[in-house]
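K.L.:
Okay, handing you the structure first.
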Ligand SMILES: [Zn+2]
């Protein structure tokens, strides 16, 4: 997002690599060194990067929280703790874009109009993403509009997409579903004939495989609704 909004006027680098598990990431000295040379650090906030406070202090660089102003929902079993995965919703993403444009404009006022323009164009694309998502999913039978994932990271996405949300554990720092969560996931797939389930590539999919095996046994032969994984 920062790259799109900043365009040719900024160089954007990510501390974590794509596909890295961000919650428990441990920044290296190289990361801190790289950040020390930056003029601005953007973080998601809401506790997603638990390591960031120390990181920003070590690097001694100003930072802006891009989730600022986004309405949050709490993590299911942790009242008072907001679910930090706010960027997964195109609607929220539009707020991120505004916050990023403001942060970059404070840094480089000369190009503020360009940042705003890039941001507005990107927000239109996010509108299209949300509309397309809704239109496609509205064609899926209502009971099957269920999203079953390993981590409960998709609350905001599910809301935008019109999906009911189910997961094995609330946040990836836990990575273990209890017998009740497992049972409830299996029931969800069975009752609704949910055709596909998902797990993030950064965590063990062992328990989701158990869900797939348990539900494949029930629906095998009776329909083509065995969940894909
Ligand atoms: Zn997560």
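Rule-based calculations on the coordinates, nothing more; no lab input. What you see is a predicted model, and the numbers here were worked out from it, not measured in a lab. Please note: Cβ atoms are built from the backbone with ideal geometry, for glycine as well, and neighbour counts cover all protein chains shown.
K.L.:
What is the angle, in °, between the Cα long axis of helix 112-137 and the longest principal axis of the Cα atoms in the chain? Nearest 10 is fine, range 0 to 90.
P.N.:
10
K.L.:
So, in nm, how far is label residue 17 from label residue 144 when the simple model puts each one 7 Å beyond its Cα toward the Cβ?
P.N.:
It is 3.7 nm.
K.L.:
Fewest to most neighbouring Cβ within 10 Å: what's the order for 211, 32?
P.N.:
Details: 211 26, 32 18.
Ordered by Cβ neighbours within 10 Å, fewest first: 32, 211.
K.L.:
Continuing with the same structure: Return the whole-Å distance between the Cα centroid of region 182-212 and the Cα centroid of region 111-126.
P.N.:
When both Cα centres are located, 39 Å separates them.
K.L.:
Additional query: Using Cα pairs under 8 angstrom and six or more residues apart, how large is the relative contact order of the chain, in percent?
P.N.:
16
K.L.:
Computed over the Cα atoms of region 1-121, what is the convex hull's projected area averaged over all directions, in nm²?
P.N.:
Average of the hull's projected areas for region 1-121 equals 7.9 nm².
K.L.:
Additional query: Using 0.36 nm times the number of residues separating residue 124 and residue 137, minus their current alpha carbon distance, what extension gain do you get?
P.N.:
Gain on stretching residue 124 to residue 137: 2.7 nm.
K.L.:
Another question about this same structure. Can you tell which of 140, 12, 203 shows the greatest fluctuation in a Gaussian network model of the chain with Cα springs below 10 Å?
P.N.:
140
K.L.:
Let me ask another. With 10 Å bins from zero, work out the P(r) of region 96-201 over every alpha carbon pair and list the percent per bin.
P.N.:
14, 31, 24, 19, 10, 2
K.L.:
Which whole-number percentage describes the relative contact order of region 142-219, with Cα contacts under 8 Å and a sequence gap of 6 or more?
P.N.:
Numbers: 104 pairs, mean separation 25.8, N = 78.
So the answer I get is 33 percent.
K.L.:
At q = 0.09, 0.12, 0.16 Å⁻¹, work out log10 I(q)/I(0) for the chain with the Debye formula, treating every Cα as an identical point scatterer and leaving solvent out; two decimals please.
P.N.:
Debye intensities relative to I(0), on a log10 scale: -0.46, -0.77, -1.17.
K.L.:
For region 2-136, what is the relative contact order in percent, using Cα pairs closer than 8 Å and at least 6 residues apart in sequence?
P.N.:
Result for region 2-136 is 25 percent.
K.L.:
Helix 90-107 versus the longest principal axis of the chain: what angle, 0 to 90°, nearest 10, using Cα atoms?
P.N.:
10
K.L.:
Using alpha carbons only, how many degrees (0 to 90, rounded to 10) separate the axis of helix 206-219 from the longest principal axis of the chain?
P.N.:
Computed tilt is about 40 degrees.
K.L.:
Using 0.36 nm per residue of separation minus the Cα-Cα distance, give me the extension gain between residue 113 and residue 8 in nm, one decimal. Let's see the in-between values first.
P.N.:
Details: separation 105, 0.36 × 105 = 37.80 nm, distance 1.33 nm.
Length difference between fully extended and current span is 36.5 nm.
K.L.:
Out of all DSSP beta bridges in the chain, what portion is antiparallel? Express it as a percent rounded to 5.
P.N.:
Just about 15 percent of them are antiparallel.
K.L.:
Treating region 80-144 as a set of equal point scatterers at the Cα positions, no solvent, please give the Debye-formula log₁₀ I(q)/I(0) at q = 0.15, 0.17, 0.19 Å⁻¹.
P.N.:
Debye output, listed in q order: -0.61, -0.71, -0.80.
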